[in-house]
Amino acid sequence: MQAEQLPVHNTISQAAALIRASDHVVAMTGAGMSVESGIPTFRGKDGLWTRYGQPPMDGFKRFREDPVGWWQKQVNRQMDAHMIELRDALLAAQPHAGHHALVTLERAGVLHHVITQNIDGLDLKAGLENLIEIHGNRSRLRCVGCGRRTSLGDFVPQEPPEPCDGCGDVVKFDTVMFGEPMPSDTMTAAREQIDRATCVLAIGTSASVRPASGLLWIAKSQGATIVEINPFETKLTSICDVVIRTTAGEALGHLAGMFTQSAAERPDGPVSEVRYGA
Ligand code: APR
């Protein structure tokens with residue numbers, strides 16, 4: 001029976017067995033990880049771009065041509081409608097059970113690193129320690145010249161920020177715009193984690209935006225097992241070893257439960273024999 005057709009509790013047990021058999025587990029999360037926190041995805045059903053159309057792919061070039069004008073639009077809420085919807089959702093969002101489950105798995109020693117494509121900072125708010133924000137974080141500023149980062153905390157800029165006090169160049173949100181080179185530090189760190197991974201959990205990502213998504217195929221080519229957690233099929237599905245067809249919150253909540261049961265509670269036999277939700 002294809003993993004796609006198995007009942008969810010079977011695939012969760014299978015995923016738990018792969019995790020338990022691995023010595024370095026890495027999660028790659030995407031926008032679907034934050035849907036249960038009220039943040040829309042970009043693609044797929046109800047995605048921002050499904051509803052508003054894909055934005056131009058030269059955002060970084062337009063920012064560099066007129067950073068002051070770009071910031072004026074930001075502080076005066078004159079951005080594109082999809083950016084206003086995303087920004088309002090980011091400001092209101094709090095971590096959900098899935099984010100807390102990732103922290104539980106990290107603290108249980110079975111999840112070694114998380115690479116997130118999300119800029120919402122919810123992993124940090126939930127208390128995750130080993131995290132790479134490969135597309136940055138909306139609550140930080142970054143200098144385009146020297147790369148210096150400063151934290152905004154919960155502060156929302158009310159006027160264009162001052163130039164970098166290190167090198168004097170312009171600063172932008174520490175998020176990767178389309179057409180912007182990926183910061184080399186986060187990309188290098190992410191690749192190092194993928195090279196060590198023997199199991200990768202692809203959670204809530206359409207696996208459609210390189211270079212981040214390319215890391216998933218690299219992991220597979222290097223012998224890692226791949227577990228997909230996504231209510232819908234993606235272009236990654238066909239290379240996955242286990243496919244859990246449900247939401248991030250549900251799947252991760254159950255997985256965390258399987259690694260925090262005390263020995264007394266856990267039925268006899270290895271995890272893979274445990275029938276979740278029997
Ligand atoms: N739980 C898990 N996955 C979900 C959920 C949910 N509750 N709801 C939706 N999904 C899945 C969708 O099926 C889809 O496959 O989340 C995925 C979201 O895909 P995208 O919107 O393409 O988001 P992502 O893969 O993170 O995009 C990568 O594209 O535009 C850039 O910078 C942006 O970081 C983003 C990158």
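How big is the convex hull of the Cα atoms of region 155-223, per residue, in Å³? Don't skip to the answer; put the middle values down first.
Working: hull volume 10.2 nm³, N = 69.
Output value, Cα hull per residue: 148 Å³.
Counted without the sites themselves, the longest stretch of the chain free of GluC sites (Glu not before Pro) in a DSSP loop having at most 15 other beta carbon atoms within 10 Å is 1-128.
So what is the relative contact order of region 150-252, in percent, for Cα pairs below 8 Å that sit 6 or more residues apart? Don't skip to the end; give the middle numbers.
Details: 103 pairs, mean separation 19.0, N = 103.
The value is 18 percent.
Determine the per residue accessible area of region 1-93 with all protein chains present and a 1.4 angstrom probe, expressed in square angstrom. Walk me through the numbers before you get to the answer.
Values: 4670 Å² over 93 residues.
That works out to 50 Å² per residue.
Ligands, DNA and RNA are left out, and with a 1.4 angstrom probe the accessible area of region 96-191 is 44 Å² per residue. Each Cα pair of region 1-156 feeds into the Kirkwood radius, which the Stokes-Einstein equation turns, at 37 °C and 0.692 mPa s, into a diffusion coefficient of 184 µm²/s. In this Cβ point-charge picture (+1 for Lys and Arg, -1 for Asp and Glu), the chain has a dipole of about 340 debye about its Cα centre. Sort by residue number and name the cysteines in the chain that have no neighbouring cysteine Cβ under 4.7 Å. By the Cβ distance rule, which asks for a partner under 4.7 Å, the isolated cysteines are 199, 240.
Put simply, the amide H of residue 180, placed in the peptide plane, has neighbours under 5 Å in 60, leaving out anything fewer than 5 places away on its chain. Quantify, in whole percent, the carbon and sulfur part of the accessible surface of region 33-191 (1.4 Å probe; protein heavy atoms only). Looking at region 33-191 in its full context, I get 52 percent from C and S. The C-alpha atoms of region 78-126 occupy a region whose extents along the principal axes are 45, 17, 12 Å, arranged from largest to smallest. Using θ = phi - 60° in the Karplus curve 6.51 cos²θ - 1.76 cosθ + 1.60, the 3J(HN,Hα) couplings for region 196-203 round to 8, 5, 10, 8, 10, 9, 9, 10 Hz; x is entered for Gly and Pro. Every Cα-Cα pair of the chain was included, and the share exceeding 27 Å stands at 40 percent. Each Lys and Arg contributes +1 and each Asp and Glu -1, all at the Cβ; summed about the Cα centre of region 109-230, the dipole is approximately 320 debye. Size descriptor for region 34-78, Kirkwood hydrodynamic radius: 12.4 Å (Cα pairs only, one decimal).
Computed about its Cα centre, the charge dipole of region 164-265 is approximately 360 debye, with only Lys, Arg, Asp and Glu carrying charge at their Cβ. In region 112-216, what % of DSSP beta bridges are antiparallel (nearest 5)? Percentage antiparallel, nearest 5: 75. The percentage of C-alpha pairs in region 1-68 whose separation is greater than 15 Å is 74%. A crude spin-label estimate for the pair residue 51 and residue 192, with each label 7 Å from Cα along the Cβ direction, gives 4.0 nm. DSSP beta bridges fully contained in the chain are about 30 percent antiparallel.
The values are calculated or read from the model by the stated rules, or taken from the named source; none is laboratory data. In this text, all values refer to a predicted model and were calculated from it rather than measured experimentally. Positions of Cβ are backbone-derived with ideal geometry, glycine not excepted, and every protein chain shown enters the neighbour counts. With ligands, DNA and RNA removed, areas are computed over all heavy atoms of the protein, side chains included. Shrake-Rupley method; radii C 1.70, N 1.55, O 1.52, S 1.80 Å.
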